[in-house]
1. Name the residues in the range 83-130 that are among the hydrophobic types (A, V, I, L, M, F, W, C) and under 30 Å from residue 167 (Cβ atoms), would you?
2. State yes or no: is residue 74 over 29 Å from the mean Cα position of the chain (by Cα) and within 20 Å of residue 111 (Cβ to Cβ)?
3. Of the residues 34, 42, which is under 16 Å from residue 157 (Cβ atoms), crowded, with 18+ Cβ neighbours inside 10 Å and among the hydroxyl-bearing types (Ser, Thr, Tyr)?
4. Residue check: is residue 162 more than 17 Å from residue 216 (Cα to Cα), surrounded by 13 or more Cβ atoms within 10 Å (Cβ to Cβ) and free of Cβ contacts under 8 Å to residues at least 12 places away in the same chain?
5. Please specify each residue of the range 219-268 satisfying the condition of being of a type in the set (A, V, I, L, M), at pLDDT 60 or above and loosely packed, with under 11 Cβ neighbours inside 10 Å.
6. Only one of these is surrounded by 13 or more Cβ atoms within 10 Å (Cβ to Cβ), farther than 30 Å from residue 36 by Cα, outside the structural domain of residue 180 (by TED's automatic domain parsing) and free of Cβ contacts under 8 Å to residues at least 60 places away in the same chain: 52, 131, 139. Name it.
7. Any residue at all in the range 145-159 that's in the same structural domain as residue 238 (by TED's automatic domain parsing) and β-branched (Val, Ile, Thr)?
8. Quick check, is residue 109 within 29 Å of residue 137 (Cα to Cα), of a type in the set (Ser, Thr, Tyr), touching a residue at least 60 places away in the same chain (Cβ under 8 Å) and not assigned by TED's automatic domain parsing to the domain that holds residue 141?
Amino acid sequence: MLLQYRLSHITVDIDTHSPYLLHNTLDKLVELKTKKIEVFRTERGYHIRAPLKNPFSSFDDLLVFRDRTDDDSMRLRIDRVYLKAGYPFLTNLLFNEKAWWRDGKLESYKEEPIDPNKEFATHSVTKFYPLPPFSAEILGGRVWTEGDKIKAEGPFSDSKFKEIVEMLESLPTFKEAKEKAELKQKLKDAYCDINPALKLVVEKCEITKANGVIQIKVPSTFTRYVGRLIGKEGCNVRTVSTKLNAKIKIISEGQMPEYVDMKQKLKRLLGEVI
């Protein structure tokens with residue numbers, strides 16, 4: 001009866017106050033289909049207890065799974081010794097209160113039940129492109145962008161944070177920023193094959209794409225490189241255009257787009273005629 005009880009419960013001791021480890025452990029416990037998960041704060045970390053809908057078939061399987069949940073390594077070693085010595089009923093135990101002597105004084109602690117959703121873990125991931133400004137309350141926590149990083153504070157495991165990042169990157173503003181960065185990288189790679197120095201020039205340019213035309217706007221400090229980007233008789237532009245399967249248009253900063261230039265010329269011409 002006691003052995004069956006031990007096999008039908010999961011207990012985990014996280015020996016550090018790390019919300020990050022706590023939520024990753026809780027995420028792993030979900031696959032066990034527990035009836036109810038209880039979390040307690042201890043002097044050094046957290047205790048987790050949960051009855052199982054489907055008991056483990058052996059204590060070895062139970063220990064293997066506890067090892068996957070970041071259970072205290074010393075506790076696991078002790079339980080393996082108990083199993084080897086033939087005392088399985090002593091395994092999978094967690095004490096809710098402990099006492100010890102320190103400097104001639106009796107000290108103790110008693111675990112306290114807590115709401116794990118109020119234990120905030122911090123997460124951050126760096127992207128290869130500048131991210132659009134974003135800040136919002138999501139799933140009981142906060143998520144925001146900072147430069148090329150997506151950051152979060154909340155009751156999030158690694159997998160939950162990954163889902164949040166994927167959700168953000170599906171938003172139109174994030175997709176646009178990502179596609180723009182990918183386009184610039186393709187241009188940089190294409191020009192690098194021609195001349196590695198041109199890759200650095202493209203890095204400083206503003207890149208846009210509309211109606212199948214890629215426009216490279218060269219800043220005024222790099223106008224001397226416009227000719228190299230174009231190439232002799234347009235050979236470099238043609239090469240890059242073929243690689244990217246798009247028309248390439250290069251303009252200098254301050255140079256008006258062709259349609260604006262034509263519009264102004266037409267206006268002046270009409271003014272002279274009238």
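The values are calculated or read from the model by the stated rules, or taken from the named source; none is laboratory data. Remember, predicted model here, so these are calculated numbers, not experimental data. Positions of Cβ are generated from backbone atoms using ideal geometry, with glycine treated the same way; all protein chains shown enter the neighbour counts.
1. Taking the range 83-130 first, the residues among the hydrophobic types (A, V, I, L, M, F, W, C) are 83, 85, 89-90, 93-95, 99-101, 106, 114, 120-121, 125, 128.
Those that are among the hydrophobic types (A, V, I, L, M, F, W, C) and under 30 Å from residue 167 (Cβ atoms): 114, 120, 121, 125, 128.
2. On the way: over 29 Å from the mean Cα position of the chain (by Cα): yes; within 20 Å of residue 111 (Cβ to Cβ): yes.
Answer is yes for this residue.
3. Values: 42 fails: under 16 Å from residue 157 (Cβ atoms).
34 is the lone residue from the list that is under 16 Å from residue 157 (Cβ atoms), crowded, with 18+ Cβ neighbours inside 10 Å and among the hydroxyl-bearing types (Ser, Thr, Tyr).
4. Numbers: more than 17 Å from residue 216 (Cα to Cα): yes; surrounded by 13 or more Cβ atoms within 10 Å (Cβ to Cβ): yes; free of Cβ contacts under 8 Å to residues at least 12 places away in the same chain: yes.
Against the criterion (more than 17 Å from residue 216 (Cα to Cα), surrounded by 13 or more Cβ atoms within 10 Å (Cβ to Cβ) and free of Cβ contacts under 8 Å to residues at least 12 places away in the same chain), residue 162 qualifies.
5. Filtering the range 219-268 for residues of a type in the set (A, V, I, L, M) gives 226, 229-230, 237, 240, 244, 246, 248, 250-251, 256, 260, 262, 266.
Imposing the further condition that a residue be at pLDDT 60 or above reduces the set to 226, 229-230, 237, 240, 244, 246, 248, 250-251.
Passing the criteria: none in range.
6. On the way: 52 fails: farther than 30 Å from residue 36 by Cα; 139 fails: farther than 30 Å from residue 36 by Cα.
That would be 131, the only listed residue that is surrounded by 13 or more Cβ atoms within 10 Å (Cβ to Cβ), farther than 30 Å from residue 36 by Cα, outside the structural domain of residue 180 (by TED's automatic domain parsing) and free of Cβ contacts under 8 Å to residues at least 60 places away in the same chain.
7. Step one: list which residues in the range 145-159 are in the same structural domain as residue 238 (by TED's automatic domain parsing), which gives none.
Within the range 145-159, none of the residues are in the same structural domain as residue 238 (by TED's automatic domain parsing) and β-branched (Val, Ile, Thr).
8. Values: within 29 Å of residue 137 (Cα to Cα): no; of a type in the set (Ser, Thr, Tyr): yes; touching a residue at least 60 places away in the same chain (Cβ under 8 Å): yes; not assigned by TED's automatic domain parsing to the domain that holds residue 141: yes.
So residue 109 does not fit the description; no.
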